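Only one structure is covered here, and it is reproduced in the block below.
The values are calculated or read from the model by the stated rules, or taken from the named source; none is laboratory data. What you are looking at is a predicted structure, and each value in this text was computed from that prediction instead of being measured. In this analysis, Cβ positions are derived from the backbone assuming ideal geometry, glycine residues included, and neighbour counts consider all displayed protein chains. Ligands, DNA and RNA are excluded from the accessible area calculation, which covers all protein heavy atoms including side chains. Shrake-Rupley method; radii C 1.70, N 1.55, O 1.52, S 1.80 Å.
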Amino acid sequence: MEPHSHKRFPPTRRLSTGEREQTIDRSAPVLPPALEIDENNYFENNAAPEYLGELAQQCEEFVQFHSSNRIVLVTSGGTTVPLENQTVRFIDNFSAGTRGATSAEYYLENGYAVIFLHRQFSLLPYSRHYSHSTNCFLDFMEEKNEQVVVGQQYQQEMLTVLRKYRSAQERNLLLLLPFTTINQYLHTLRTISMILKPIGSRALFYLAAAVSDFFVPPSRIPEHKIQSQAGGNKLIMDLDPVPKFLNRLVEKWAPGAMIISFKLETDANILVSKARQALERYSHQLVIGNLLQTRKHEIVFVEPDSPENWIRLSPEQIEMEVEIESLIIPATIELHSAWIKKAKD
Ligand code: PAZ
């Protein structure tokens, strides 16, 4: 008798490139920017995280403390899309939070107070130097006279990082706020934006998080873990588009603030046009475009009514491990200064 497995698991046929492209239905029209009614629907039907009140209080105190400073909200890391209410499985993305954590450090160095809205357990400013999986903190340690000490060759660099970290802490310049799911991210982003609203043009939004485009709405999410025998051995997912709230942020949540979003693509031929499309749709001030493959070495600034402006590390800078954020952040600060000046005039 033939083993069962032959009948139950026939070899999967390899699809042609054309067929593969058709496995995703791309015929649906591009989702328009969210209206007030979309905002009300989303936030009424997707419950706020229980901790939101406490987080809002921390944020209010921080904003009050820095009431005459510039404040930047940096978003960082990827949002998850839970597939079950009691979540065992979720959809995730690649972002480790390197862009956000690195950028936050350069804003701090330039005198900004930073609200760091990050994916829980992703990279954080300063500790990122010693916490990445290829950068285990134990590798920086050695044993000396029964004590653990930092290896001689790492002392200088770690001292520099430690001083910057302590200085940010002592001056209360860094507020760390976590999210995990797309819903937590959206609720928290809206709450923080509204808290930042009164400081007007001194607020800067630097939206580097990789935010899910699709999610499972509460009306369709199962309570318990999806069972493997359900659905005839195939799991077919039916996801809704996540409303595009960027224009609500620009027009209602924090009008007056300068807003920078990121656009990630993998196809170089569409990067600039997609970035321009985002600017036209959401009417904000700057889109920073980057490609997955080259994001650490080159990015492009796309602003309304201006030619695009590439920032690239030279081969020598790459060799010397210069961080591209050390070039990006001063350029955004220059634009933010002009934005504040324009608001005053
Ligand atoms: O976290 P990371 O440094 O690996 O990646 C950063 C990034 C590529 C997620 C960011 O630069 C970005 O483009 N964020 C927006 C992604 C998007 O288009 O939704």
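Observations, loosely collected:
- Per DSSP, loop GluC sites (Glu not before Pro) in region 101-163 with at most 12 further Cβ within 10 Å: Glu146
- For peptides 215-221, 204-210, 330-336, sequence by mean Cβ density within 10 Å, most packed first: 204-210, 330-336, 215-221
- In this structure the chain gives 59 Å² per residue of accessible area when probed at 1.4 Å with all protein chains present.
- In terms of its Cα atoms, region 219-285 spans 51, 33, 14 Å along the principal axes, sorted from long to short.
- Couplings 3J(HN,Hα) of region 43-54, computed from phi: 6, 6, 8, 10, 4, 5, x, 4, 7, 4, x, 5 Hz, in residue order, whole Hz [Karplus 6.51 cos²θ - 1.76 cosθ + 1.60, θ = phi - 60°; x for Gly and Pro].
- Estimated FRET transfer efficiency when R0 is 45 angstrom, pair Leu138-Asn85 (beta carbons, to 0.05): 0.75
- Region 170-254 - percent of accessible surface contributed by carbon and sulfur, probe 1.4 Å: 54
- Charge tally around Tyr282: other residues with Cβ under 12 Å, Lys/Arg +1 each, Asp/Glu -1 each, net +3.
- Beyond 18 Å, the tail of the calculated P(r) for region 44-199 holds 64 percent of the Cα pairs.
- Helical mean residue ellipticity (222 nm; -39500 (n - 2.57) per DSSP H run of 4+; nearest 500) of the chain: -10500 deg cm²/dmol
- Computed across region 209-345, the Kirkwood radius stands at 18.0 Å (inverse of mean 1/r, all Cα pairs).
- Hull volume per residue, based on the alpha-carbon atoms of region 33-122 and their convex hull, is 156 Å³.
- The magnitude of the dipole of the chain, with charges of +1 and -1 set on the Cβ of Lys/Arg and Asp/Glu and taken from the Cα centre, is near 420 debye.
- HN-Hα J in Hz across region 169-180 - Karplus 6.51, -1.76, 1.60, θ = phi - 60°, x for Gly and Pro: 5, 4, 8, 6, 9, 10, 10, 9, 10, x, 9, 10
- Across all directions, the average projected area of the convex hull around the alpha carbons of the chain is 24.7 nm².
- Charge context of Ala203, other residues only, Cβ under 13 angstrom, K/R +1, D/E -1: +3
- Net length available on complete extension from Gln293 to Asp213 is 26.8 nm, with 0.36 nm assigned per residue and the Cα-Cα distance removed.
- Apportionment of accessible area to carbon and sulfur, region 82-121, percent (1.4 Å): 49
- Distant-in-sequence amide contacts of Met141, defined by a placed amide H-H separation under 5 Å and a gap of 5 or more residues or a different chain, comprise Gly151.
- Distant-in-sequence amide H partners of Thr181 (H built 1.01 Å from N, under 5 Å): Thr80
- Sequence ranges 239-249, 175-185, ranked by mean other-Cβ count within 10 angstrom, highest first: 175-185, 239-249
- Heavy-atom accessible area order for Cys136, Cys59, largest first, 1.4 Å probe: Cys136, Cys59
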